């Protein structure tokens, strides 16, 4: 008889699984978001994981890669890198690209901010003009102070180079960084807040902190403040009005986005502490009257008679000048500003490709194109039609400028000057043109170009189409490069429902800025 401890027991066989045991996916093992998405999809389709497991793992996958992926610009919406064709499609893109190299502005790449060696400038100028012979090759530069070669396609396509993801002044391609809806419209709001800060500080110089404090108080509901008059026993009441579109209004109060607007804040500080704003601040502080002063930044109203972005109104006084457009209304001081911010040179546009729009456009520059209507309307495409007028205008202006004809050149420049007035200020002599760029400002007097300057230049016109096939007319001095133009009129397209919409863009060139008087004192 066997002892109890060696007695054989009744063995129950463990049931075998109907299916092969499958190891659950490990989210941490996926090298990137897309690989994880595909693997989870395939496993669910093959029945290896349930819908509940798929949803849980997919949520884990998103959490793992959420710092690298954006819900606004995820991997499947991101635009490809740059190409020569992309830069040549719009002259402004090429100009921006060369300015980045010239000024040492970092390009965005997957490996980090890329600063291009300035020795590359001549080569890429030639490439974008189409005169370079050979293969461009990679671009020399530095990332994190280390020498590196980066291909053009390795540079991220941001707003300055034609990105359609947002109109931000930030980096819409990097979801870790905040973005801006519209840098120019935000700058108008900052300018309004800066002037408000200066007026309530009286003779004191303001800082960026003063402007942000005004904005923070405005957001909290404090839009009005009383300040004692220096010269009398009265107090002035200052009001701030910000008329802004939804995106810029949201961005101007977002503290995380203020570092993106450093140049705009610094430019406003210098302008508000400058002689022009100081004159008005001193007036309010010392006139011995209980003034009510309203600083208005208006980026919403679509006025056809004015181009004022920021102005100062006095509800405490009524305009009694019967010749004034504000007769019977609160007095508006001669502190009206048309603001141009950043490197963008556009000062106006005429939308549409109908022939009547061409008549209006070129009439502003003193060129009659009415005789071209039959040829214009005989063309099949909008591009072919616009080529007719743009090419003819370049030819006609060029013929008028042939030889040493000072009177003709003066007439052409006066027409250009008048067109600039129309687009920049709607010919309102009270409106000042203020340009913000690189943390500084300058005020342009566009009332008249000095005859002495006119006598020193020899004008010519350039007609070009570039890779896009869209026409451009450039007016410049014969001795200057095309990029140092006086004015440039070009066609730009944008996608709309049902096709393309054509716009005629008018730009003020670097040479014209130099020709205009820059006000040193107000």
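Just so it is clear, none of the values below were taken in a lab; they were calculated from the coordinates. Since the structure is predicted, the reported quantities are computational estimates derived from the model, not experimental observations. Cβ placement follows ideal geometry from the backbone for every residue including glycine, while neighbour counts extend to all protein chains displayed.
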Quiz item: Which distance in Å, rounded to a whole number, links the C-alpha centroids of the stretch 273-302 and the stretch 372-431?
Solution: 38 Å
Quiz item: Quick one: which of 358-366, 131-139, 261-269 comes out on top by average Cβ neighbours within 10 Å, and what's the full order, highest first?
Solution: 261-269, 358-366, 131-139
Quiz item: In µm²/s, what is D for the stretch 120-161 at 37 °C and 0.692 mPa s, where D = kT/(6 pi eta Rh) by Stokes-Einstein and Rh is the Kirkwood radius from Cα pairs?
Solution: 281 µm²/s
Quiz item: If you take the square roots of the eigenvalues of the alpha-carbon gyration tensor of the stretch 193-243 and sort them as a ≥ b ≥ c, do you get rounded (a/c under 1.5), prolate (a/b over b/c) or oblate?
Solution: oblate
